[in-house]
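A quick write-up on the structure given underneath.
The values are calculated or read from the model by the stated rules, or taken from the named source; none is laboratory data. These numbers were taken from a predicted model, which means no experiment stands behind them. Cβ placement follows ideal geometry from the backbone for every residue including glycine, while neighbour counts extend to all protein chains displayed.
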Amino acid sequence: MRLTSRYRFSASHRLDTPTLSPAENRRLYGKCNNPHGHGHNYVLDITVDGPIDETGQVVNREELDKLVRRRVLRRLDHRDLNTEIPELWGRVTTTENLAAMVREALSENWTLPARLASVRIAETARNSFELEVPKQR
Amino acid sequence: MFLTRKAEFSASHVCANPAWTPERNQAVYGNNANPNGHGHNYVLEVTLAGDPDPATGMVFDLRELKEILNREVVDPMDHRFLNREVPPFDRVVPTTENLAVEIWKRIEPQIRRTGVRLHNVRLYETDDLFVDYGGGQ
């Protein structure tokens, strides 16, 4: 059984890679390359997978919420992704890279009995990115 | 090919194990343990897998699927207090997980036929929380 819980955070970022010239960055990233940055209301879907326990649940909602709040939302909400999140330094703050960062932040020392199965982030209502978490061998 | 049909029902419930103390129920289920109950607008998405019948061009007769969902889920559960009025939830805690399993049990035998199987039951408790159940465990 899979359970998916949805969270929201708002953050600013700018897409720019040092491997390209300013003109090439503008061409590649368009508006997202605006030097002053811009922001999104990100929507984060966390999916966990496991059997139903004696409480009739896959996971305790409050424990899941606490973990996501502490490791992800408190760190990212109302922040600038380019300057305030050390894990993203040296990486372009695309939602692809952001999803990978969130997956790492959650999967390291994952403390809940249900397995972390997937991290999905919608940057806007039109774009979303999903990373499955491979099953442990 | 996957075919998904949606249905909605609104119901109240209490998530608490009668064998446990109120304190333990509060610790496990939080607000959901309020003995007077509370309600949700549940949204059910049922996904069938199969090949379109060469004669009709359909995986499954949608009118029949609607009738199955109404008969097995919406009619007995809509505007009901699940713990008091919908067995087995007089004995089984009506978490969203257990509700998804019960819905699977009710509809799966009526959907299964040559070339068609029930693939997934997705049940939204709120816009921000849903479970996916594909049978088994």
| message | All but one of (1) over 16 Å from residue B:9 (Cα atoms); (2) within 11 Å of another protein chain (Cβ to nearest Cβ) hold for residue B:104; state the number of the condition that does not hold. | response | (1)
| remark: Residues of the stretch B:1-40 being in a strand (DSSP E or B) and either surrounded by 15 or more Cβ atoms within 10 Å (Cβ to Cβ) or at positive phi (or both), in sequence order, are B:3, B:5, B:7, B:9, B:11, B:12, B:13, B:40
| remark: Residue set A:52, A:121; condition within 30 Å of residue B:99 (Cα to Cα), over 15 Å from the mean Cα position of the chain (by Cα) and modelled with pLDDT of 95 or more; output residue A:52
| query | If only one of B:77, B:58 is aliphatic (A, V, I, L, M) and surrounded by fewer than 19 Cβ atoms within 10 Å (Cβ to Cβ), which one is it? | reply | B:58
| field | Verdict on residue A:73 being under 24 Å from residue A:131 (Cα atoms), surrounded by 13 or more Cβ atoms within 10 Å (Cβ to Cβ) and not acidic (Asp, Glu) | value | yes
| query | When you look at residue B:90, is it over 18 Å from residue B:37 (Cβ atoms) and among the charged types (D, E, K, R), yes or no? | reply | no
| Test for residue B:43: is it modelled with pLDDT of 95 or more, within 14 Å of chain A (Cβ to nearest Cβ), crowded, with 19+ Cβ neighbours inside 10 Å and under 10 Å from the mean Cα position of the chain (by Cα) | no
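Condition check ((1) in contact (Cβ under 8 Å) with a residue 40 or more places away in the chain; (2) within 14 Å of chain A (Cβ to nearest Cβ)) across all residues:
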site: B:4; (1), (2): yes, no
site: B:12; (1), (2): yes, no
site: B:18; (1), (2): no, yes
site: B:22; (1), (2): no, no
site: B:31; (1), (2): no, yes
site: B:39; (1), (2): no, no
site: B:48; (1), (2): yes, no
site: B:52; (1), (2): yes, no
site: B:55; (1), (2): no, no
| field | Selection from the stretch A:1-31 of residues that are touching a residue at least 40 places away in the same chain (Cβ under 8 Å) and over 30 Å from residue B:100 (Cα atoms) | value | A:10, A:11, A:12, A:13, A:14, A:15, A:16, A:17
| remark: Taking the stretch B:101-129 and keeping only residues that are surrounded by 15 or more Cβ atoms within 10 Å (Cβ to Cβ), without any contact (Cβ under 8 Å) to a residue 40 or more places away in the chain and closer than 30 Å to residue A:42 by Cα, one is left with B:129
| task | Name the one entry in A:93, A:47, A:111 that is within 30 Å of residue B:102 (Cα to Cα) and buried (at least 19 other Cβ atoms within 10 Å of the Cβ). | result | A:47
| query | Within the stretch A:14-44, how many residues turn out to be crowded, with 16+ Cβ neighbours inside 10 Å, under 22 Å from residue A:83 (Cβ atoms) and out of contact with any Cys (no Cβ under 6 Å at 6 or more places or on another chain)? | reply | 11
